[in-house]
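Here is the structure we will look at.
The values are calculated or read from the model by the stated rules, or taken from the named source; none is laboratory data. Here the structure is a predicted model, which means the values were calculated and not measured. Heads up, the Cβs are rebuilt from the backbone with ideal geometry, glycines too, and the neighbour counts pull from every protein chain shown. Keep in mind that these areas ignore ligands, DNA and RNA; they rest on the heavy atoms of the full protein, side chains included. Shrake-Rupley method; radii C 1.70, N 1.55, O 1.52, S 1.80 Å.
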Amino acid sequence: MNSRQAIQMTIAHSEPDWVPLDVGGMNISSISSVLLKRMLDHFDLPETFGSSDIIQRIGTPPDTLKRMLGIDTQRIGPQRIPIPEGFSLWEPPPCPIVIEDIWHVGWEMRPEDIYFHQHTYPLASGDLGEALEAYTFPRVDQAALTAGVRSRLMGNQELFCVLDRDCAGLFEMSQRLRGMQSFFMDLLLDTAAAERLADALLEYKFSYWDGMLAEIGDEQVVVAEADDFGTDQSLLISPELIRQIYLPRLTQLISHIKKTAPNAKVCFHSCGAIRPIIPDLIEAGVDMLNPVQYNAAGMDLKGLKRDFGRDLVFWGGCIDTTRILPYGTASQVADEVKRVIDIMAPGGGFVATTVHNLQADVPLENALALFKTIREYGGRSQGASHGIS
């Protein structure tokens, strides 16, 4: 069994020979470039690596490390923003640096920062409707996307391919363009303009996925989409607003994706306490849920597996990245990974990846314990199930 077959089995809700592992298949299931550099140094692997998203300062694991750790996925997708000349992926910049993405959103990183933070909001001034009239949305280079997907598919025989998005979801992108506080007011005071913005973003996504999926045919791939609706305690906006504005458009997007690529499975990322809208996401056509933030309100793993395990693949939830992984001991990390595997792996439908990216503050010994436990307790070392069926 190879990596592609293992994930195909778990997607079909059958238990493969090992618990599949994703690191770097998406820009929200990856690893800090700072931590990745420490891991490569630890294993004495003098390999260079790139980044699909320098805003989050994540790194792309080299193939040698993928084989060592037992990673089963391959991200396919463009860089979120080009890497500036001379920019280090793991060292702080000597002076503040400001870069701009294709949406004309500015991002700044200072010497004391670990990540970039948003610096400018192109739709921030005045009335949202008027700002939209003056704003030029980026255009998708479909030919370049198609060529990139084609070359990556041809060069990959073993790993399972994940086609990743190049921007956030309709709700989150609206906040990035307008500013969170102003946009939340728009949702209530100028709903029509908020919906116009959502429609324009949806059209961009239609065009993007047309380019990404043009040559997929009958290939089974995962399509990674996202929109962050949750906090640790609740949804960011009411479920009624989500159902009014965003779920109908998400349904259109997923229908478009699956019409273009009939065997594609849609993995939807939304952080936080989103249990109230999980049935809505399933109805919209979501096949997989990420990051499965199990410490958020209502997101207990046993309940999620019991209530939604027949309808969803859980792509994540392997370990919490805010408490145990950065602040626990290596032994506590191993114990937590085993606990999660025992709950989520039986019957398939589980791809092990952390609750969002592995961050720069994770101790090396904890990261090593994480991957060692997934590999051994998850059955990869033995090449057979470890008996959790």
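To the nearest 0.05, how large is the calculated FRET efficiency for R152 and E112 if R₀ is 35 Å and r is the Cβ-Cβ distance?
Efficiency, rounded to the nearest 0.05: 0.45.
Using unit Cβ charges (K, R positive; D, E negative) and no other charged atoms, how large, in debye to the nearest 20, is the dipole of segment 71-217 about its Cα centre?
So the magnitude is around 300 debye.
For C95 and A200, what is the calculated FRET efficiency with R₀ set at 35 Å and r taken between the beta-carbons, to the nearest 0.05?
0.45
For a quick check: with amide H placed at 1.01 Å from N, whose amide H comes under 5 Å from L358's, ignoring anything fewer than 5 positions away on the same chain?
S30, I31, S32
Please give every one of the aspartates and glutamates within straight-line cross-link reach of K66, meaning a C-alpha to C-alpha distance under 19 Å, and leave out same-chain neighbours fewer than 8 residues apart.
By straight Cα distance, K66 reaches D17, D22, D41, D44, E47, D53, E158, D164, E365, E376.
Residues of segment 238-389: accessible area per residue at 1.4 Å, in Å²?
Heavy-atom accessible area per residue stands at 37 Å².
Quick one, what does Rg over Rh come out to for segment 1-144 if you take C-alpha atoms and the Kirkwood Rh?
A ratio of 1.07.
Could you provide, to the nearest whole Å², the per residue accessible area of segment 1-154 with probe 1.4 Å?
46 Å²
Roughly speaking, to the nearest percent, how much of the chain's 1.4 Å accessible area is carbon and sulfur?
Summing carbon and sulfur atoms, their accessible area is 51 percent of the total for the chain.
Classify segment 168-312 as rounded, prolate or oblate from the Cα gyration tensor: take a ≥ b ≥ c as the square roots of its eigenvalues, call it rounded if a/c is under 1.5, otherwise prolate when a/b beats b/c and oblate if not.
oblate
Could you work out how much longer the chain between R339 and E240 gets when fully extended? Use 0.36 nm per residue separation minus the Cα distance between them, nm to one decimal.
My answer for the length gained is 32.1 nm.
Mind checking Rg over Rh on the chain, alpha carbons, Kirkwood formula for Rh?
Result: Rg/Rh = 0.95.
About the Cα centre of segment 1-66, what is the dipole size in debye to 20, counting +1 per Lys and Arg Cβ and -1 per Asp and Glu Cβ, all else neutral?
Dipole about the Cα centre, nearest 20: 180 debye.
Quick one: which residues, 5 or more positions from R57 or on another chain, have an amide H under 5 Å from its amide H? H modelled 1.01 Å from N in the peptide plane, none for Pro or chain starts.
Correct list: F116.
With everything on Cα atoms, drop me the angle between helix 364-377 and the longest principal axis of the chain, reported from 0 to 90° to the nearest 10.
Long axis of 364-377 versus the principal axis of the chain: about 60 degrees.
Quick one: 3J(HN,Hα) in Hz for segment 206-221, Karplus 6.51/-1.76/1.60 with θ = phi - 60°, rounded, Gly and Pro as x.
For segment 206-221, the Karplus-derived couplings read 3, 5, 4, 6, 4, x, 5, 9, 4, 10, 6, x, 8, 4, 8, 9 Hz, x marking Gly and Pro.
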